[in-house]
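All of the numbers you see were taken from the coordinates with simple rules; none came from a lab. Keep in mind that what you see is a predicted model, and the values were worked out from it rather than measured.
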Amino acid sequence: MSKSQKVKEPQITIAATGKAGVRYRQEALEAFHDGFKRAGIDFAVFLPDSMLDGVEQLLIERGEIETYQCSREDEGIAMAMGAFLVGKRSVALMEGSGIGLSALILARGIVQKTPTMLIIGHNSALGERYDYHGATRLVAEPVLRALDIPHHVLFDLCDIRKVIVEAQATIDGQRLPFGILVPSHVIREVGERG
């Protein structure tokens, strides 16, 4: 007779560095997660990037919000907007270049009244240290402005929860997408590069 072997479940933990190797401010990660929960968000989709990786990893680790990884930004926004059609409150997380690549699906969402919250890293706000984010910085806010999508730049960690809840109230009331732009100083350890 063979002995049955107990298979260990994989242990999922979040390191202070996230998968991207960047040190995140734990209080910022907690504020994003708590804000999503307070706003009733129950569906998240992301395209991995170094700015928001800590938030994305926390969503996966906690497992309290249905979370998916997409392969293209417009696909992620379409998934989030589709979730709205089945009664979900959704959020799509991506870097600013993804907004530039997603103008058409955002326009369709506005016309169809299928909104989502957008959490946007690597944008024209403070703290972008590398020239390779130059094109990324040029497209997020101009696309949001061109499509008349309301948006807010976070400048203080203390505002994360409130801004998420109020953004969701705007989404519910206006049935429009809403963008929250996240500068590096809000989410990363002070002086962290990357």
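What to note about this one:
- In this structure, the amide hydrogen of Glu95, modeled 1.01 Å from its nitrogen in the peptide plane, lies closer than 5 angstrom to those of Gly121, counting only residues at least 5 positions away or on a different chain.
- For region 62-76, 3J(HN,Hα) computed residue by residue from phi via the Karplus equation (6.51, -1.76, 1.60; θ = phi - 60°) reads 6, x, 7, 10, 4, 10, 10, 9, 10, 10, 9, 5, 5, 4, x Hz, glycine and proline entered as x.
- Amide H contacts under 5 Å for Arg188, placed H, 5+ residues apart: Arg25
- Near the amide H of Gly179, within less than 5 Å, lie the amide hydrogens of Leu118, His151, His152, all on another chain or at least 5 residues away, with H placed in the peptide plane.
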